1. Charges at C-beta only: +1 for Lys and Arg, -1 for Asp and Glu. How large is the resulting dipole of the chain about its Cα centre, in Debye rounded to 20?
2. If I model a spin label at V223 and Q252 as a point 7 Å from the Cα along the Cα→Cβ vector, what separation in nanometres do I get?
3. By DSSP, what percent of the beta bridges with both residues in the chain are antiparallel, rounded to the nearest 5?
4. How many angstrom separate the Cα center of the range 1-25 from the Cα center of the range 176-203?
5. What residue among A39, L57, H71 has its Cα farthest toward the positive end of the dipole of the range 1-79, where the charges are +1 on Lys, Arg and -1 on Asp, Glu, each on the Cβ?
6. With Rg and Dmax of the Cα atoms in Å defined as stated, name the option among [x] 19.1, 54; [y] 22.7, 79; [z] 21.6, 74 computed from the structure displayed.
7. Could you identify which residue out of L72, L299, L113 has the top mean-square fluctuation in a GNM of the chain using Cα springs shorter than 10 Å?
8. Please report, largest first and rounded to whole Å, the three semi-axes of the ellipsoid equivalent to the range 235-366, where each semi-axis is the square root of five times an eigenvalue of the C-alpha gyration tensor.
Amino acid sequence: MASTLVQRVLDLAVAIQQIPAPTFEEQARGAFVRQRFEAEGLSDISVDRAGNVYGRLPGSGNGPPVVVSAHLDTVFPRDTDLTISRREERIYGPGIGDNSTGVAGLFGLLWSLNAGSRLPGDIWLVANVGEEGLGDLCGMRAVADRFGSEPAAYVVLEGMALGQIYHRALGVRRYRITARTKGGHSWVDFGRPSAVHELAALINRLVELPLPKQPRTTLNVGVVEGGTSVNTIAAEAWLELDLRSEEVDALQKLAGQVEKLVQEANRPDVRVSAEAIGQRPAGRIDVNHPLIEAARHSLLAQGLQPFLGIGSTDANIPLSRGMPAVCVGITTGGGAHTVEEYIETPPVEKGLGQVILLLQEIFRRL
């Protein structure tokens, strides 16, 4: 694969990274991708109500299509400094790997296929919204609603997962738990319950919950906010809780335990409630499925060792609906979700090569 192609993909990844795209604010980045789809001459370009951008590369026959997607959004707020730096064979910048390189990979695939023979079926390229945080995979839900079981497969691109084949979807439940009290003055009204203190006590009970190692199950309080001032008994405070498990039953059991603790925290002068703010469904396809065999083959052909894994990605949605799907990567890197995020540039050539071969194998095997 010509190094000029790799450089084009890297240059485009940087251009995409420079456009802020927090979850629910992907419009500018989506408009950029749509303009690029139009410049490339894709067919049936559109933007749906969710904000997903679609473009179709026609195939040479009547085979079922393949959907290849990459999410537009990042975890970084709009005012984050997006300055890029290059050190040796790395490119540093918030969101460069997750997922600007994934989105640029859509174009690397397109440029490679345009330079060679067309595949038997259509390729739908999709830049979708809402993968990160509280986006709750809303973009991919809309994509799966649109295409259903028609595609031969769904292929999800992530920037920094090269070598991984995510064929199992990690189940996730998220809650916002709020405590409310009468509040008051820290001296005059001392003795009244504080919403902050109530949440702190609840957090202690949450982290004491026994969690199974098999199936692996986790609990994390990621955000705590509330109160008015240092000398005020807090009238309201809230936290955001993330629950994950490899198995649906274990996740359901943990969620039930959390909800029970929330109910037990209520007293006449303390109100505690839990609001579900996210649910990523679990799912999987068998390790012997033809799609997994195709994904393995595409990595081995590049001299890369495949690793079958579980993750919380856009692939959760089609997998949970019984549709064949995998999530694969374009390159390697580190520092994901931090301002020191980086990608390694040499593996991009092999990453693009495995995606192209994967599509060829999908049409041959499925």
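Here, each number is a calculation from the coordinates, and none is a lab measurement. On a predicted model such as this, the values are computed, not experimentally measured, just so you know. Note that each Cβ is placed from the backbone with ideal geometry, even for glycine, and that neighbours are counted across all protein chains shown.
1. Numbers: 35 positive and 42 negative charges, 118 e Å.
Roughly 560 debye for the chain.
2. Each label point is offset 7 Å from its Cα along the Cβ direction, giving 2.9 nm.
3. Details: 50 of 73 bridges.
Approximately 70 percent, going by the DSSP bridge assignments.
4. Measuring centre to centre over Cα atoms gives 47 Å.
5. Looking along the dipole axis, the top candidate is L57.
6. After the calculation, the listed value that fits is [y].
7. Residue with maximal mean-square fluctuation among L72, L299, L113: L113.
8. Details: eigenvalues 325, 80, 20 Å².
The three semi-axes for the range 235-366 are 40, 20, 10 Å.
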